[in-house]
Amino acid sequence: MPAVSGSRLRARLERLARFGGLPGGGVTRSCWSPPHEEARAWLLGEIRAAGLQAWVDPAGNVFGGLGTATFDQARPVVLTGSHIDTVPEGGMLDGALGVIAGLECLQAVHESGTAPARPLAVAAWSDEEGRYGSLFGSRAFCGLLDTARIPEMASVDGERLVDAMARAGFEAARAPEARAPAGAVAAYVELHIEQGARLEEGGVQIGNVEVIVGVRRTRVVFHGQADHAGTTPMERRRDAFLGAADFALRARELVVAEGSGRSVTNFGVVQVHPGASNIVPGRAELVHEMRDPEAAVLEALARKTAALAQEVARGRALSVELRPMSATLPAPCSPRVQAAVDDACTALGLSCRRLYSAAGHDAQNLAQVTDAGMVFVPSQGGRSHRVDESSDWADLERGARVLLHTLLALAR
Ligand code: GLV
Ligand code: MN
Ligand code: MN
């Protein structure tokens, strides 16, 4: 019977954390950046050294295969994985755990000489964090990429996806070729840290995900009038920043008051133009994000916040534009995968709770093309998307054991 090596899992996670590692802890490793490309090369080497097949597709997704080196509907694979890109000043586990644990599971199966009925593969999906477009690699793989938008996709600081990919040796226009043939994936299961505090606070070892939240991102642009910040009387100013600030405060209140109780919202990007202390802001741009596990709730909130933006603009003699950036629907996980995760926990004597994922994951794209599910392990203090993201090493190893058990059951 194959068994995961906790020490190898830890050694690889610690090694991966050095690519883009920050002096005070944490990691900045955006997709296509030099540290990310070094991590990609290292990962390919680890996959090969583990005795697995290694390949990269035109969307930059890295794969390791056991019993396969491709995706073929004649031999559907049981797939696992996650991502090796990070948010700016992120942690060492978000994404990394699912990739490294997936590799560990395949290596353990390979070394044990076990031959599952189906081939197994592990993926490191590109740009999960959405520096240039959310869940980019898994979207391409699942045929969900809006191909027409590729030329205009850009990071918040304006770098075009086309240029970022070219720097890393990829041609963005070819990314849609990464689409896997229909029926090539028999099932997908992704291990991830919870990134919240429900498991830790409930004293539960494993989370079995029922649904992944939908996420809507909209660029909200307030237009006013740039003016001299010293000479323009206060009552004559049309300050675009104040419109943006007012909207942010009121949108938050609206989402809390009229959402589902699970609805959340964030303004993580704010830009003021021209951006000088002696000019009244003529334009202010916000990236407004909202999440909820129910599509209808998200839809209603989107309508209400759009109306609110117009009301705020009118009240301040501004105009406002709402430009949709991305919208993912909530993704239910497959009952078959959830049952396999439950069985794995029972067999391993681990406590397990069903929960929804409040973070977005590549599994939500895979759920559109195959039976997909997710396994969560506790996050200390619920901390994530911050440099001190951490989990107990024993919890990470437990997660890898559940993943191995689940993969083998799905590959039977
Ligand atoms: C992924 O990290 C997300 O933004 O939920
Ligand atoms: Mn993340
Ligand atoms: Mn992640």
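The values are calculated or read from the model by the stated rules, or taken from the named source; none is laboratory data. All values derive from a computational prediction rather than experimental measurement. Virtual Cβ from ideal backbone geometry, glycine too; neighbours counted across all protein chains shown. Side chains are part of the model used for accessible areas, which takes the heavy atoms of the whole protein and leaves out ligands, DNA and RNA. Shrake-Rupley method; radii C 1.70, N 1.55, O 1.52, S 1.80 Å.
Name the residue that is nearest to ligand 1 (Cβ to nearest atom), counting only residues in the range 130-154 that are over 23 Å from Ala187 (Cα atoms) and in contact (Cβ under 8 Å) with a residue 60 or more places away in the chain. The selected residue is Gly130. A residue that is within 16 Å of ligand 1 (Cβ to nearest atom) and open to solvent by 50 Å² or more (accessible area, probe 1.4 Å) occurs somewhere in the range 327-338.
The residue pairs whose first member lies in the range 371-385 and is on the phi < 0 side of the Ramachandran plot and in a loop (DSSP other than H, G, I, E, B), whose second member is of a type in the set (S, T, N, Q) and away from ligand 2 (no atom under 16 Å from the Cβ), and whose beta carbons are closer than 9 Å, counting only pairs six or more residues apart or on different chains, are Pro378/Gln205. The criterion of being over 25 Å from Ala317 (Cα atoms) and either open to solvent by 60 Å² or more (accessible area, probe 1.4 Å) or assigned by TED's automatic domain parsing to the domain that holds Ala363 (or both) does not hold for Glu235.
Scanning the range 92-119 for residues that are open to solvent by 10 Å² or more (accessible area, probe 1.4 Å) and small (Gly, Ala, Ser) yields a total of 4. Scanning the range 120-132 for residues that are buried (at least 23 other Cβ atoms within 10 Å of the Cβ) and either on the phi < 0 side of the Ramachandran plot or more than 15 Å from the chain's Cα centre (by Cα) (or both) gives Leu120, Ala121, Val122, Ala123, Ala124, Trp125, Ser126, Glu128, Arg131, Tyr132. Scanning the range 285-295 turns up one or more residues that are part of a helix (DSSP H, G or I), over 24 Å from Ala154 (Cα atoms) and touching a residue at least 12 places away in the same chain (Cβ under 8 Å). When the range 167-206 is filtered for residues that are buried (at least 23 other Cβ atoms within 10 Å of the Cβ) and within 16 Å of ligand 2 (Cβ to nearest atom), the ones remaining, listed by number, are Glu190, Leu191, His192, Ile193, Glu194. Residues in the range 343-370 that are part of a helix (DSSP H, G or I) and either buried (at least 16 other Cβ atoms within 10 Å of the Cβ) or touching a Leu at 6+ places or on another chain (Cβ under 7 Å) (or both): Ala344, Cys345, Ala363, Gln364, Asn365, Leu366.
Within the range 95-131, the residues that satisfy the criterion of being more than 16 Å from ligand 3 (Cβ to nearest atom) and assigned to a loop (DSSP other than H, G, I, E, B) are Gly113, Thr114, Ala115, Pro116, Ala117, Arg118, Pro119.
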